[in-house]
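**Student:** After the C-alpha cells below, expect a handful of questions from me.
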Amino acid sequence: MPKKISGQARLPPQVKKLKSYKRYNGLGSCRCNYVTLLTVVTLSMMIDPPNDEHFMREALRQAQKAYDASEVPVGAVVVRSGEIIARASNQVGLLKDATAHAEMLALTEAEAAVGDWRLTDCDLYVTKEPCPMCAGALVHTRIRRLVFGCTDSSAGAAGSVMNLLRMPTLNHRCDVASGVLQDECAAILQSFFRKLRDQETELREDDR
C-alpha cells in the first residue's frame, strides 16, 4: 500500500512518469489508480521485451567494472529466453590468465547455469568484437547469436580481420549483429587507453 505523506500517496518512479496519471484526493481513489497503472506498466514490459540495446547496456556495466579495476574495459552477458544468465568483465590482470576475457568467463558461467556446454539457445552480447580465441569458443559452445558493440580493426574475428563465426568449414555458424551502442562501447576503450598513455607520459617525465 502506498505510504501517505502530507495527505498524498507516494508512488513508484515508473508510475510517476506516466503522463496519464492524475492525482486524486483521498487514499481510496489513489489506491485504485495505483493498481491500474502498475498493470499498465507490467503489460508494457510484456509487450516491449528487452532489446539489443538493453542487453548491451548490461554488458557496458560489466565493462565499467573492468575499467574501475584497471582492466581492459570489455564486458559481456549471455542471454537465454530473454533473461541474462551470465555476466562477466575482462579479468586477465586480476586472474593472471591470458584467457580470462569477458566472453570466455561469461560462456563458462552460462554453461554452469544451463548445465551443458552447448549453448544453442543462447545469445552473447559483448562490448568489443571478439578476438580469435573468443570467436572460437563461441563456435565450440554453439552460441546462437553474437551481438557486439565496436569493431576491432587489429584482431577482430567476427568480420573485421576474419570471420570465424561464419566459416563454412567449421561445424557451427552463428548469426552476428554489430554496431549496437557502438559509440559508447568504443568511448570507454578509448578513455582507458588514453589514461594509460597519460600515465606512461607522466612516468617518463618523472624519470628525467
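The values are calculated or read from the model by the stated rules, or taken from the named source; none is laboratory data. For clarity, every value in this text was computed on a predicted model and none was experimentally measured. Backbone-built Cβ (ideal geometry, glycine too); neighbour counts: all protein chains shown. Quick note on the areas: whole protein, heavy atoms, side chains included, nothing else; ligands and nucleic acids left out. Shrake-Rupley method; radii C 1.70, N 1.55, O 1.52, S 1.80 Å.
**Student:** Just to verify a number: what accessible area does L138 come out at with the full protein assembly present, 1.4 Å probe, Å² rounded to tens?
**Tutor:** Here the accessible area works out near 0 Å².
**Student:** Which translational diffusion coefficient, to the nearest whole µm²/s, is obtained for the stretch 54-208 from the Stokes-Einstein equation, given a Kirkwood hydrodynamic radius over C-alpha pairs, 20 °C and 1.002 mPa s?
**Tutor:** Diffusion coefficient, whole number: 137 µm²/s.
**Student:** Show the residues, 5+ positions off or on another chain, whose built amide H is closer than 5 Å to the amide H of I85.
**Tutor:** For I85, the qualifying residues are V78, V79, R80.
**Student:** Give me the dipole magnitude in Debye, nearest 20, for the stretch 118-175 about the Cα centre, with unit charges on the beta carbon: positive for Lys and Arg, negative for Asp and Glu.
**Tutor:** With only Lys, Arg, Asp and Glu charged at Cβ, the dipole is about 180 debye.
**Student:** Using alpha carbon coordinates only, what is the Rg to Rh ratio of the stretch 117-208, with Rh defined as the Kirkwood radius?
**Tutor:** Answer for the stretch 117-208: 1.15.
**Student:** List the pair-distance distribution P(r) of the stretch 88-142, using every Cα-Cα distance, as the percent of pairs falling in each 5 Å bin from 0 up to the bin containing the longest distance, rounded to whole percents.
**Tutor:** 4, 20, 32, 25, 14, 4, 0
**Student:** With +1 on each Lys and Arg Cβ and -1 on each Asp and Glu Cβ, how big is the dipole of the stretch 56-156 about its Cα centre, in debye rounded to the nearest 20?
**Tutor:** Rounded to the nearest 20 debye, it is 120 debye.
**Student:** Then there's this: Efficiency by 1/(1 + (r/R0)^6): what FRET value for M167 and T201, r their Cβ-Cβ distance, R0 = 35 Å, to the nearest 0.05?
**Tutor:** 0.25
**Student:** Now for a different question. Compute the distance from the alpha-carbon center of the stretch 67-109 to that of the stretch 124-182, in whole Å.
**Tutor:** 15 Å
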